[in-house]
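Below is one structure; the comments refer to it alone.
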Amino acid sequence: MNKPTITPTTPASDATASAPGHHPEKPLGRSQLSGRELYVEGLCKSFGAVQVLDHVSFEVHSGEFVTLLGPSGCGKTTLLRILAGLEVPDRGRVRLGSTDLTLWPANRRPINTVFQNYALFPHLNVFENVAFGLRARRREPGEIRQRVLDALAMLQLDGYEKRAVQTLSGGQKQRVALARALVNEPDVLLLDEPMSALDAKLRAEVQIELRRLQRRLGRTFVLVTHDQNEAMTVSDRLLVMRTGQIVQTGSPTEVYDHPVDRFVAEFLGLANLIPAWHEEGRLCSAFGVLVPARPPGWEKGTLAIRPERIRLHSEPPGQNGIRATVAEVIHQGTHLDLFTEPHVLRVRASTETGVRRGDPVWLELPEKYLEVLRD
């Protein structure tokens with residue numbers, strides 16, 4: 001296995017605390033690290049011949065909710081485990097403020113993790129599960145009791161102290177796992193797909209609850225998920241990952257409205273992808289001449305437009321108009337999904353449009369919503 005390549009640049013005041021092989025007697029408290037950014041710098045990680053992370057760099061602002069979003073196998077869980085101290089990178093480093101945490105073990109970091117399976121102790125009741133970290137840090141009994149009760153109350157688990165964890169619902173177990181992590185007052189909370197085991201209705205409720213909790217606490221949260229809706233719901237910022245690299249960052253709105261390539265356009269929501277090329281000074285496609293708001297930098301490439309951005313007309317629009325026939329109408333409750341021919345497009349329309357299968361329509365692809373992709 002490759003040895004980690006670490007190049008610390010910590011100030012003299014932090015040199016001892018962050019030197020490889022040296023760790024403080026107890027984790028640094030909020031007074032020492034609170035309010036500092038989390039920096040990830042050039043992380044690389046391979047398992048055998050498979051490179052899982054390829055020079056990953058980003059920063060997370062204090063109090064920000066950031067989501068690592070990507071398909072299975074893109075490296076997001078390995079990245080989270082490195083942040084938690086459960087894996088060591090082959091090269092690169094992790095800093096909290098000016099303190100280099102790269103070689104610190106998990107139990108010394110001011111970082112806690114909520115795992116996908118919650119990792120609750122089945123032989124301990126709710127109180128003891130939440131108190132576990134405080135007892136390991138040898139806190140006073142009075143302090144332990146007060147902090148545990150406060151954490152349970154914060155997560156609406158008052159009166160559950162003596163309950164066996166096996167008797168709890170999935171949502172209650174998730175909240176106990178959150179309480180156990182938060183009671184230690186971590187500067188950074190890592191969440192490894194913590195809602196994946198919940199049913200759809202409960203997952204939607206817990207997502208809102210988690211977002212409200214993060215805002216109330218003002219702590220830094222880093223979530224790993226492959227669920228696009230979940231990422232859009234809870235995040236201040238998305239880091240979209242693919243094959244060990246971050247391919248786009250930005251707010252949920254920025255990434256959704258302005259995907260940089262085909263992968264992001266298709267992974268985050270639905271998108272119509274339109275091959276296009278330059279011909280005699282015009283941008284042509286199988287649909288005809290199209291005019292995007294931003295001229296492409298390629299001679300041949302792809303345009304994208306979200307289904308809900310396409311507008312229906314009974315008459316030809318002034319620009320970017322396409323004549324089509326409705327081939328299929330799917331009722332989605334709050335809206336209709338229309339599929340057209342001979343130019344295959346997916347269009348999201350109001351249930352009040354009255355459009356039926358076989359109807360001729362004019363489609364407008366507004367230039368401000370016609371995105372130029374880099375591939």
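In the stretch 151-158, is there at least one residue being open to solvent by 10 Å² or more (accessible area, probe 1.4 Å) and either within 20 Å of T220 (Cβ to Cβ) or assigned to a helix (DSSP H, G or I) (or both)?
Within the stretch 151-158, one or more residues are open to solvent by 10 Å² or more (accessible area, probe 1.4 Å) and either within 20 Å of T220 (Cβ to Cβ) or assigned to a helix (DSSP H, G or I) (or both).
Identify all residues within the stretch 329-347 that are open to solvent by less than 50 Å² (accessible area, probe 1.4 Å) and in a strand (DSSP E or B); write none if there are none.
Passing the criteria: V329, L336, D337, L338, T340, V347.
For the stretch 228-243, how many residues are open to solvent by less than 40 Å² (accessible area, probe 1.4 Å) and either over 13 Å from V264 (Cβ atoms) or assigned to a strand (DSSP E or B) (or both)?
So the count comes out to 7.
One residue is enough: does the stretch 190-208 have a residue meeting the conditions at pLDDT 95 or above, within 28 Å of E143 (Cβ to Cβ) and touching a strand residue (DSSP E or B) at 6+ places or on another chain (Cβ under 9 Å)?
Yes, the conditions are met somewhere in the stretch 190-208.
Just give me the residues in the stretch 159-172 being of a type outside the set (S, T, Y) and assigned to a helix (DSSP H, G or I), in sequence order.
V165, Q166, G170, G171, Q172
Please go through the stretch 249-259 and give me each residue that is open to solvent by 40 Å² or more (accessible area, probe 1.4 Å), touching a Leu at 6+ places or on another chain (Cβ under 9 Å) and closer than 15 Å to Y369 by Cα, ordered by number.
E254, Y256 - these are the residues of the stretch 249-259 that are open to solvent by 40 Å² or more (accessible area, probe 1.4 Å), touching a Leu at 6+ places or on another chain (Cβ under 9 Å) and closer than 15 Å to Y369 by Cα.
Taking I246 and the conditions (1) farther than 14 Å from E371 by Cβ; (2) open to solvent by 70 Å² or more (accessible area, probe 1.4 Å); (3) modelled with pLDDT of 95 or more, which numbered condition does it fall short on, given that it satisfies the others?
Status for I246: all satisfied but (2).
State whether one or more residues within the stretch 101-116 are open to solvent by 40 Å² or more (accessible area, probe 1.4 Å) and in contact with a His (Cβ under 6 Å, 6 or more places away or on another chain).
yes
If R139 passes every condition in (1) at pLDDT below 95; (2) assigned to a helix (DSSP H, G or I); (3) charged (D, E, K, R) but one, which one does it miss?
(2)
Results for (1) closer than 21 Å to R237 by Cβ; (2) not in a loop (DSSP other than H, G, I, E, B), shown as yes or no for each residue.
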residue: E185; (1), (2): no, no
residue: M195; (1), (2): yes, no
residue: L210; (1), (2): yes, yes
residue: Q214; (1), (2): yes, yes
residue: V224; (1), (2): yes, yes
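Given the condition modelled with pLDDT of 95 or more, open to solvent by 20 Å² or more (accessible area, probe 1.4 Å) and not in a strand (DSSP E or B), answer yes or no: does some residue in the stretch 26-33 qualify?
No, because not a single residue in the stretch 26-33 is modelled with pLDDT of 95 or more, open to solvent by 20 Å² or more (accessible area, probe 1.4 Å) and not in a strand (DSSP E or B).
Taking the stretch 286-320 as the region of interest, how many residues are of a type in the set (G, A, S), at pLDDT 95 or above and either within 26 Å of D359 (Cα to Cα) or not in a strand (DSSP E or B) (or both)?
Number satisfying all stated conditions: 1.
Among the candidates R175, R180, single out the residue that is among the basic types (K, R), touching a residue at least 60 places away in the same chain (Cβ under 8 Å) and in a helix (DSSP H, G or I).
R180
So, R237, is that one farther than 17 Å from P71 by Cα, under 13 Å from the mean Cα position of the chain (by Cα) and not small (G, A, S) or not?
Yes.
So which residues in the stretch 274-293 are loosely packed, with under 14 Cβ neighbours inside 10 Å and touching a helix residue (DSSP H, G or I) at 6+ places or on another chain (Cβ under 9 Å)?
Correct list: V291, A293.
Working only within the stretch 348-375, note down all residues that are under 21 Å from S285 (Cα atoms), under 27 Å from the mean Cα position of the chain (by Cα) and in a strand (DSSP E or B).
Passing the criteria: E371, V372.
For the stretch 125-133, check the following and say yes or no: at least one residue is part of a strand (DSSP E or B) and either closer than 30 Å to P71 by Cβ or at pLDDT 95 or above (or both).
Yes: the stretch 125-133 contains one or more residues that are part of a strand (DSSP E or B) and either closer than 30 Å to P71 by Cβ or at pLDDT 95 or above (or both).
Can you confirm whether the stretch 250-272 contains a residue that is hydrophobic (A, V, I, L, M, F, W, C), in contact with a strand residue (DSSP E or B) (Cβ under 8 Å, 6 or more places away or on another chain), modelled with pLDDT of 95 or more and over 16 Å from I305 (Cα atoms)?
Checking the stretch 250-272: not a single residue is hydrophobic (A, V, I, L, M, F, W, C), in contact with a strand residue (DSSP E or B) (Cβ under 8 Å, 6 or more places away or on another chain), modelled with pLDDT of 95 or more and over 16 Å from I305 (Cα atoms).
Give the residues of the stretch 348-366 that are open to solvent by 40 Å² or more (accessible area, probe 1.4 Å) and closer than 18 Å to L270 by Cα, sorted by residue number.
Across the stretch 348-366, the qualifying residues are R348, S350.
If a residue counts only when it is among the aliphatic types (A, V, I, L, M) and surrounded by fewer than 16 Cβ atoms within 10 Å (Cβ to Cβ), which strands (runs of 3 or more DSSP E) contained entirely in the stretch 36-94 have at least 1 such residues?
Of the strands (runs of 3 or more DSSP E) lying wholly inside the stretch 36-94, those with at least 1 residues that are among the aliphatic types (A, V, I, L, M) and surrounded by fewer than 16 Cβ atoms within 10 Å (Cβ to Cβ) span 50-60.
The values are calculated or read from the model by the stated rules, or taken from the named source; none is laboratory data. Quantities reported herein were computed from a predicted structural model and do not represent experimental measurements. We place every Cβ from the backbone using ideal geometry, glycine too, and count neighbours over all the protein chains shown. The area values use the complete protein model at the heavy-atom level, side chains included, leaving out ligands, DNA and RNA. Shrake-Rupley method; radii C 1.70, N 1.55, O 1.52, S 1.80 Å.
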